[in-house]
1. Please report, ordered by residue number, the strands (runs of 3 or more DSSP E) entirely within the stretch 50-121 with at least 2 residues that are buried (at least 16 other Cβ atoms within 10 Å of the Cβ).
2. Quick check on Ile73: is it at pLDDT 95 or above and more than 21 Å from Glu2 (Cβ to Cβ)?
3. Quick one: in the stretch 1-34, which of the residues that are more than 14 Å from Phe97 (Cα to Cα) and polar (S, T, N, Q) is least open to solvent (accessible area, probe 1.4 Å)?
4. Among all residue pairs at least 6 apart or on different chains, which show Cβ distances below 8 Å where the first residue, located in the stretch 39-60, is among the basic types (Lys, Arg) and the second is open to solvent by 40 Å² or more (accessible area, probe 1.4 Å) and part of a loop (DSSP other than H, G, I, E, B)?
Amino acid sequence: MELKEFDIMLDIKKSKKIEDIEVVQKDYESNILNISIVEGFEPYNLSGLNVEIAFAKPDGTTVLQDEENGVIIEDPAEGKIRCILNTNTIAASGKVFAEVRILQDLRLLTTARFDFFVRRA
């Protein structure tokens with residue numbers, strides 16, 4: 001079975017328009033976000049850092065996915081991460097807003113925000 005993979009480039013300073021992304025409510029282990037973190041056009045080095053993604057769902061709740069539940073730092077030096085969307089993340093239909101949060105000790109750096117649409121199953 002083919003998985004749905006979406007490539008996203010996120011800047012740590014500037015918002016950019018990304019292509020429209022649509023996933024289907026209740027899909028399981030089949031929606032993957034391939035995210036490249038950049039500063040300008042240069043890869044943002046994630047070596048030694050932790051990454052999580054905060055998802056603000058249309059039902060007013062927030063889901064946090066991190067390296068223990070679906071987020072993988074695939075290539076730290078190139079700023080590449082992969083996120084397999086959890087069923088809880090796409091449980092509510094409508095527009096979901098998301099941002100990547102980069103953590104080191106007590107410091108927190110948040111990327112530009114992106115969004116995607118969850119279609120009712």
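The values are calculated or read from the model by the stated rules, or taken from the named source; none is laboratory data. Please read these numbers as outputs of a predicted model, since none were measured by experiment. Reconstructed Cβ throughout: ideal geometry from the backbone, glycine too, with neighbour counts over all protein chains shown. We work out accessible area using only protein heavy atoms, side chains counted, and drop any ligands, DNA or RNA first. Shrake-Rupley method; radii C 1.70, N 1.55, O 1.52, S 1.80 Å.
1. Result: 50-56, 62-66, 71-75, 80-84, 94-104, 114-119.
2. Yes: the conditions hold for Ile73.
3. Asn31
4. Once the first residue is among the basic types (Lys, Arg) and sits in the stretch 39-60, its partners that are open to solvent by 40 Å² or more (accessible area, probe 1.4 Å) and part of a loop (DSSP other than H, G, I, E, B) give Lys57/Ala91.
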